[in-house]
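Worksheet for the structure shown next.
The values are calculated or read from the model by the stated rules, or taken from the named source; none is laboratory data. A quick note: this is a predicted structure, and the numbers were derived from the prediction, not measured. As a convention, Cβ positions derive from the backbone with ideal geometry for all residues, glycine included, and neighbour counts pool all protein chains shown. Areas reflect the complete protein model, heavy atoms only, side chains present, ligands, DNA and RNA absent. Shrake-Rupley method; radii C 1.70, N 1.55, O 1.52, S 1.80 Å.
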Amino acid sequence: MPEIVVQGNWDDTDIPNRRILITGATGLLGRAVYKEFKANHWHAVGCGFTRARPRFEQVNLLDVAAVHNLIQDFQPHVIVHCAAERRPDVVDSQPDAASQLNVAASGNIAKEAADVGAFLIYISTDYVFDGTNPPYKENDAPNPLNLYGKTKLEGEKAVLKNSEGAAVLRVPILYGEVESLEESAVTVMFDKVQFSNKSANMDHWQQRFPTYVKDVASICRQLAEKRMQDPSIKGTFHWSGNEQMTKYEMACAMADAFNLPSSHLRPITDSPVVGALRPRNAQLDCSRLQMLGIGQQTPFRIGIKESLWPFLTDKRWRQTVFH
């Protein structure tokens, strides 16, 4: 089946009858979600904005009419809303734009989803919590420390208000097969790991749970397929990797995975003084999904190897590692 979908030609006879729309399909998580559903016999359409063409529909999610037309034309059964401004320091510097995307657009997508009876999964964040009393269950009181967490929490409320049957899926720091190392707050450290001729300071204060986007994509699909059989599946859910690591520990694990030195990496145990406030430990309790029989957790060492080997500067090692 060709990748490019012509507008209005969605009723092609050989297309699977389960339709999914993915927003932010050009991003790190969106690409993984698109691949996961497509590989499991869903008819997937992705939309993006700056990087959309030729593979995905180009839609400005702030354009209410464009969003309405897309959803009315395609009539999706499921929408996974991945698009967001997810960089806390950018949200601080561009609060209005971030609020438009994270809150207003999310509420509007929820309204449109409800109109066509689509199950909406809104991707949210562990940063809705202040990190003082982990692990956090879905019904624990949120208390975001930074504006990013606040906009995502407002987005959750807008979604659940406009689409009573929607789901919110909170996830922590994500990594996966990136187009550039800067695309994930995990993979961006890899250059510092590889260039071992100069020492690099690494945060060893904030406790994180790095989570592989392929796992989150699988959770979204399992949740969608369960929901097709059971309409009571809705509300808020948590998913996360199960390994607690600081950025320093992630960097050491990367070095270890590729047999690189790590003695130049320096753990910094003070709380960071620059940038948006971060929660110390916003660990998510994933038992609600696990009790539904939903889950997938790839060990960090395996996921990070799959994600980073194309960025190895030592090409000899690259040739031997996966062949």
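For the reader, a short list of remarks on this structure follows.
- Per-peptide average of other Cβ atoms within 10 Å, ordering 194-204, 29-39, 110-120 highest first: 29-39, 110-120, 194-204
- With contacts taken as Cα pairs under 8 Å at a separation of at least 6 residues, the chain carries a relative contact order of 18 percent.
- Using the Cβ of VAL168 as centre and a radius below 13 Å, the other residues enclosed give a net charge of +1, where K and R count +1 and D and E count -1.
- Inverse mean reciprocal Cα-Cα distance (Kirkwood Rh) of the chain, Å: 20.4
- Phi angles of the stretch 130-142 translate, via the Karplus equation with coefficients 6.51, -1.76, 1.60 and θ = phi - 60°, into HN-Hα couplings of 8, x, 8, 9, x, x, 9, 8, 4, 9, 5, 5, x Hz per residue; Gly and Pro are given as x.
- Expressed as a whole percent, the proportion of Cα-Cα pairs in the stretch 262-318 lying more than 13 Å apart is 80%.
- Karplus (6.51, -1.76, 1.60) ³J(HN,Hα), θ = phi - 60°, over the stretch 111-122, in Hz, Gly and Pro reported as x: 4, 5, 4, 4, 4, 9, x, 8, 7, 9, 10, 9
- Computed over the stretch 80-152, relative contact order equals 41 percent, with contacts defined as Cα pairs under 8 Å that lie 6+ residues apart.
- Computed from the alpha carbon atoms alone, the convex hull of the stretch 57-174 holds 105 Å³ per residue.
- Inter-probe distance in nm under a simple model that places probes 7 Å from Cα toward Cβ, at GLU138 and GLN244: 2.4
- Listed residue pairs exceeding 23 Å between alpha carbons, taken from LYS137/LYS157; LYS35/LYS226; LYS35/LYS152; LYS152/LYS226; LYS111/LYS150; LYS137/LYS192: LYS35/LYS152; LYS152/LYS226; LYS137/LYS192
- The C-alpha radius of gyration of the stretch 223-270, expressed as a fraction of 2.2 N^0.38 Å, stands at 2.00.
- Whole-angstrom Cα spans of the stretch 203-323 along principal axes, big to small: 52, 43, 21
- For the set ARG18, ARG51, the ranking by accessible area, highest first and with no ligand, DNA or RNA atoms included, is ARG51, ARG18 under a 1.4 Å probe.
- Spin-label proximity, ARG51 to the stretch 66-83 - amide N less than 19 Å from point 7 Å beyond Cα toward beta carbon: 80-83
- Rounded to the nearest 10 Å², the accessible area of HIS264 at probe 1.4 Å: 10
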